[in-house]
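Student: One structure is given below, represented as structure tokens, and several questions about it will come after.
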Amino acid sequence: MAVVAAMVAAMVLVSLVANAGVIENYQFESPEQQEQFFRLNEELRCPQCQNQSIADSNAPIAQDLRREVHRMIVEEQADDDTVIQFMLDRYGDFVLYKPRMDARTLALWFGPLILLLLGLLILFRILKQHRPDTKDQELDQQDKAELDKILGGKDK
């Protein structure tokens, strides 16, 4: 029994140690630089990961990009546009979580809206074509008798 307890304790300890990650500690000259660093890390997508910012990713490329963003902010006093342009030059538009609106990305921005409107238009036309036309239909004898029964013959 003691052996089992020791093995369970060892497995728990190993799993805790295995999940411990490296904590990156970046030094900044001002709180504004720190805020800029965190904001840019949230805006930039990890080139390796699916749908993670470089702030969220533990991939080696994301760690390198965080170091590069830190270096540019602290050493070069770079503004947001300079850092973003640097990343765009190296990794393309994919690195931006919110792509810029230009001629190449218009379909990305307006495509879903256009598809939704087109789908609603098609649905409306289909429903209009398949709706029975009940305006000028005459009642047959059975329907008239049932209607008279419901109304209690008051129409006569």
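Student: With each pseudo-label sitting 7 Å past Cα toward Cβ, what's the ASP143-LEU127 distance in nm, one decimal?
Tutor: Inter-label distance under the simple model: 2.3 nm.
Student: How would you rank 105-116, 48-59, highest first, on the average number of other Cβ atoms within 10 Å across their residues?
Tutor: Ranked from most to least packed, the peptides come out as 48-59, 105-116.
Student: I'd like the orientation of helix 60-75 relative to the chain: the angle between its Cα long axis and the longest Cα principal axis, in ° from 0 to 90, rounded to 10.
Tutor: So the inclination is approximately 70 degrees.
Student: (1) 1.10; (2) 1.17; (3) 1.46: which one is Rg/Rh (Cα atoms, Kirkwood Rh) as calculated from this entry?
Tutor: For Rg/Rh (Cα atoms, Kirkwood Rh), the calculated option is (3).
Student: Got the relative contact order for region 24-98 handy, in percent, Cα pairs under 8 Å and 6 or more residues apart?
Tutor: Rounded, it is 32 percent for region 24-98.
Student: Relative to the longest principal axis of the chain, what angle (0 to 90°, nearest 10) does the C-alpha long axis of helix 31-43 take?
Tutor: That works out to roughly 50 degrees.
Student: Given the options ASP140, ASP80, ASP89, which has the most mean-square fluctuation in a GNM of the chain, springs set between C-alpha atoms less than 10 angstrom apart?
Tutor: It is ASP140.
Student: Turning to a different aspect of this structure: Explain nothing, just the number: relative contact order of the chain, from Cα pairs under 8 Å at least 6 residues apart, as a whole percent.
Tutor: About 15 percent, as a whole number.
Student: From the helices alone, meaning DSSP H stretches of at least four residues, give me the mean residue ellipticity at 222 nm for the chain, per-run term -39500 (n - 2.57), in deg cm²/dmol to the nearest 500.
Tutor: After summing the helix terms and dividing by the residues of the chain, the value is -20000 deg cm²/dmol.
Student: Continuing with the same structure: Mind telling me which of ARG71, ARG39, ARG125 comes out most flexible in a GNM of the chain, alpha-carbon contacts under 10 Å?
Tutor: Comparing ARG71, ARG39, ARG125 in a Gaussian network model of the chain, the most mobile one is ARG125.
Student: List the aspartates and glutamates whose Cα lies under 12 Å from the Cα of LYS98, skipping any in the same chain that are fewer than 8 positions away.
Tutor: Once the sequence-local aspartates and glutamates are set aside, what remains near LYS98 is GLU42, GLU43.
Student: So what are region 24-98's ellipsoid semi-axes, whole angstrom, largest first, if each one is the square root of 5 times an eigenvalue of the alpha-carbon gyration tensor?
Tutor: That gives 19, 14, 10 Å for the three semi-axes.
Student: A further question follows. Relative to the longest principal Cα axis of the chain, at what angle does helix 80-91 sit, 0 to 90 degrees, rounded to 10?
Tutor: So the helix axis and the longest Cα principal axis differ by about 80 degrees.
Student: Work through the residues other than GLU32 whose Cβ is under 12 Å from its Cβ and net out their charges, Lys, Arg +1 and Asp, Glu -1.
Tutor: Neighbour charge sum, excluding GLU32 itself: -3.
Where a number appears in this text, it was derived from the coordinates with a stated rule and is not lab data. Small disclaimer: the values here were computed from a predicted structure and weren't measured. Positions of Cβ are generated from backbone atoms using ideal geometry, with glycine treated the same way; all protein chains shown enter the neighbour counts.
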